[in-house]
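Participant: Right, I'll just put the structure down here and ask away after.
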Amino acid sequence: MAKRTVVTMPGDGIGKVVLPESLRVLEKIGFEADYVHADIGWDFWISEGNALPERTINLLEEHRVGLFGAITSKPKDKAAAEISPELKDKGFVYYSPIVGMRQHFNLDLCIRPCRSFPGNPLNFIRRKGESFDEPVVDVVIFRQNTEGLYAGVEWTNPPDGVRAALATHKKFAKFADVPGENLAVSTRIFTRDACRRICEEAFKYAKKFGYKSVTICEKPNVIRETSGMMEFEAKKVAESYPDVALWSTNIDAQMMWLTKNPQDYGVIVAGNMFGDIVSDGFAGLVGGLGFANSANIGADCAVFEPTHGSAPKYEGLSPSIVNPIAMILSACMMLDYLDETEKAVAIRDAISEVVADGSVRCYDMMKLRGGPEAIKQGAATTQQMTDAIIARL
């Protein structure tokens with residue numbers, strides 16, 4: 001097999017810490033690749049007015065596979081305040097680089113597995129008399145990644161043409177007299193093709209890996225048009241998969257049920273915002289952000305990332321204390337994508353053994369406050385956790 005090239009984008013904060021740890025594991029398992037560094041993140045917003053430089057886009061255009069760490073993202077006013085003085089008032093507008101990548105490469109499938117590792121002290125448990133029950137959580141979220149509320153079609157003080165279009169809807173009447181500077185509008189756009197594609201991929205995944213159900217998690221009783229379109233397409237796709245049940249839940253009810261009966265769910269499909277919410281909810285049941293991994297997949301390009309943030313306050317700690325497992329699991333998803341499934345399974349098994357053994361735990365797994373004191377309290381360093389996983393390999 002030809003040697004692959006992977007574009008590595010550490011980004012900001014702890015992204016610079018955990019991404020190299022995943023490369024150590026990939027090297028140990030025998031995955032052969034050339035790694036090409038690419039610039040991304042807050043430093044480049046400050047110095048260039050662009051958190052996703054064109055040179056990084058070009059590298060992804062060429063190699064089509066990326067491994068991404070984390071970014072720092074701040075609100076509009078703070079971003080404008082921190083840009084270099086020579087770039088101020090030059091028309092630069094901050095835009096999330098990961099959202100930019102998703103849009104540019106049409107990485108419309110975001111896949112977020114939320115699987116519990118037996119023995120993880122952060123796993124969801126339920127009291128059962130004097131003992132407790134620890135249900136096995138094995139849920140995979142399919143989040144539509146390029147549309148919905150994250151598509152970026154929004155305005156404060158919308159232009160006249162937008163206001164005129166909105167005025168054609170009778171329910172906009174109560175906003176008609178609101179001054180423009182007091183009015184902000186964000187659109188939630190769904191397209192039928194995108195709804196159909198994510199539903200097809202979710203059902204295909206469920207059949208391939210033996211999941212019994214696909215759940216559409218939306219809000220069709222209120223957001224009738226967009227959520228309704230997703231449900232309609234799911235029903236059509238489900239006709240070709242008679243062995244996979246189609247369920248439907250409202251996002252608000254789902255957030256209650258995921259802590260009531262999480263073991264009942266398999267594959268969940270949602271639009272961009274609701275998918276973000278429900279995936280974080282399920283991630284909290286299987287260990288939190290230290291275990292939260294994801295893939296952004298398009299027709300011919302894919303970027304893999306942990307879903308935790310950049311946590312810049314931890315970047316400079318020496319030794320590092322952050323949990324590298326989410327990043328390593330994201331690298332496993334890359335291996336799956338590249339048909340290196342045996343290597344991915346071996347790494348996941350090694351992580352499972354380390355977690356079950358319990359002798360090496362990062363501060364989050366010990367429920368300690370983050371900071372240099374965590375090491376003195378028995379927490380493993382970032383590198384020690386990676387070493388333990390490598391030893392199991």
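Participant: List the residues whose amide H sits under 5 Å from the amide H of residue 248, counting only those 5 or more places along or on another chain, with H placed 1.01 Å from N in the peptide plane.
Facilitator: 216
Participant: Testing the spin-label approximation: label points 7 Å from Cα along Cα→Cβ at residue 24 and residue 353. State their distance in nm.
Facilitator: Between residue 24 and residue 353, the simple spin-label model gives 1.8 nm.
Participant: Nearest 5 is fine: what % of DSSP beta bridges in the chain come out antiparallel, could you say?
Facilitator: Percentage antiparallel, nearest 5: 50.
Participant: Going out from 0 in 5 Å bins, what whole percent of all Cα-Cα distances in region 1-156 drops into each bin?
Facilitator: Percent of pairs per bin, in order: 2, 8, 12, 14, 17, 15, 11, 8, 6, 4, 2, 1, 0, 0.
Participant: Over all alpha-carbon pairs of region 64-145, lay out the pair-distance distribution in 5 Å bins, whole %, shortest bin first.
Facilitator: Result, from short to long distances: 3, 10, 13, 13, 12, 11, 11, 9, 7, 6, 3, 1, 1, 0 percent.
Participant: Would you mind working out the magnitude of the charge dipole of region 115-188 relative to its Cα centre, with +1 at each Lys and Arg C-beta and -1 at each Asp and Glu C-beta, to the nearest 20 Debye?
Facilitator: Roughly 240 debye for region 115-188.
Participant: Return the calculated 222 nm mean residue ellipticity for the chain, to the nearest 500 deg cm²/dmol, obtained by summing -39500 (n - 2.57) across DSSP H runs with n ≥ 4 and dividing by the residue count.
Facilitator: -11500 deg cm²/dmol
Participant: Still on this structure, I have one more. Rg and Dmax of the chain, Cα atoms, in Å?
Facilitator: 21.9, 67
Participant: May I pose another question? How much length is gained on full extension from residue 93 to residue 185, taking 0.36 nm per residue of separation minus their Cα-Cα distance?
Facilitator: 31.3 nm
Participant: If you place +1 on the Cβ of every Lys and Arg, -1 on the Cβ of every Asp and Glu, and leave all else neutral, what size is the dipole of the chain about its Cα centre, to the nearest 20 Debye?
Facilitator: Here the size comes out at about 900 debye.
Participant: Which entries of 128/212; 212/260; 74/313; 16/90; 76/174; 313/367 have Cα-Cα distances beyond 22 Å here?
Facilitator: 128/212; 16/90; 76/174
Participant: Which of rounded, prolate, oblate describes region 199-355, given a ≥ b ≥ c as roots of the alpha-carbon gyration tensor eigenvalues and a/c under 1.5 marking rounded, otherwise prolate only if a/b is larger than b/c?
Facilitator: It is prolate, given that a/c is not under 1.5 and a/b is the larger ratio.
Participant: Given 37 °C and 0.692 mPa s, how large is the Stokes-Einstein diffusion coefficient of region 4-49 in µm²/s, with Rh as the Kirkwood radius over Cα pairs?
Facilitator: It diffuses with D of about 281 µm²/s by this estimate.
Participant: Taking amide H positions as placed 1.01 Å from N in the peptide plane, with prolines and chain starts having none, which residues 5 or more places from residue 5, or on another chain, fall under 5 Å of its amide H?
Facilitator: Amide H to amide H, under 5 Å and 5 or more residues apart or across chains, residue 5 pairs with 34.
Participant: With no solvent and one equal point scatterer placed on each C-alpha of region 80-205, evaluate the Debye formula and give log10 I(q)/I(0) for q = 0.15, 0.21 Å⁻¹, two decimals.
Facilitator: -0.96, -1.19
Participant: Charges on Cβ only, +1 for Lys and Arg, -1 for Asp and Glu, centred on the Cα centroid of the chain; of 242, 148, 296, which one is farthest towards the dipole's positive end?
Facilitator: Going by the charge dipole, the pick is 242.
Participant: Could you tell me which trypsin sites (Lys or Arg not before Pro) in region 256-351 are loop residues by DSSP with no more than 14 other beta carbons within 10 angstrom of their beta carbon?
Facilitator: 260
Participant: Kindly provide the trypsin sites (Lys or Arg not before Pro) of region 1-32 that DSSP labels as loop, not H, G, I, E or B, and whose Cβ sees at most 10 other Cβ atoms within 10 Å.
Facilitator: In loop regions of region 1-32 (DSSP not H, G, I, E or B), the sparsely surrounded trypsin sites (Lys or Arg not before Pro) are 3.
Participant: A further question on this structure: Quote the convex hull volume per residue of region 322-393, based on C-alpha atoms, as a whole number of Å³.
Facilitator: Taking only Cα atoms, region 322-393 has a hull volume of 74 Å³ per residue.
Participant: Could you rank the peptides 31-39, 286-294, 43-51 by their average count of other C-beta atoms within 10 Å per residue, with the highest value first?
Facilitator: In decreasing order of mean packing, 31-39, 286-294, 43-51 become 286-294, 43-51, 31-39.
Participant: Which of 81, 22, 365 sits closest to the plus end of the dipole of the chain, meaning its Cα is farthest towards the positive end, when Lys and Arg get +1 and Asp and Glu get -1 on the C-beta?
Facilitator: Of the listed residues, the answer is 365.
Participant: Hey, what do the phi angles of region 216-230 turn into as Karplus ³J(HN,Hα) couplings, whole Hz, using 6.51/-1.76/1.60 and θ = phi - 60°, x for Gly and Pro?
Facilitator: Listing the rounded values in order: 8, 10, 9, 8, x, 6, 10, 8, 5, 6, 6, 4, x, 5, 4 Hz.
Participant: Here is a follow-up. Taking the number of other C-beta atoms within 10 Å as the exposure measure, put 105, 282 in order starting with the fewest.
Facilitator: With the sparsest Cβ surroundings first, the list reads 105, 282.
Participant: Are there GluC sites (Glu not before Pro) in region 55-148 that DSSP marks as loop and that have at most 14 other Cβ atoms within 10 Å, and which are they?
Facilitator: 130
Just so you know, all these numbers are worked out from the coordinates, no wet-lab data involved. Just so it is clear, the structure is predicted and the values come from calculations on it, not from any experiment. Glycine gets a Cβ as well: all are built from the backbone with ideal geometry, and neighbour counts include every protein chain shown.
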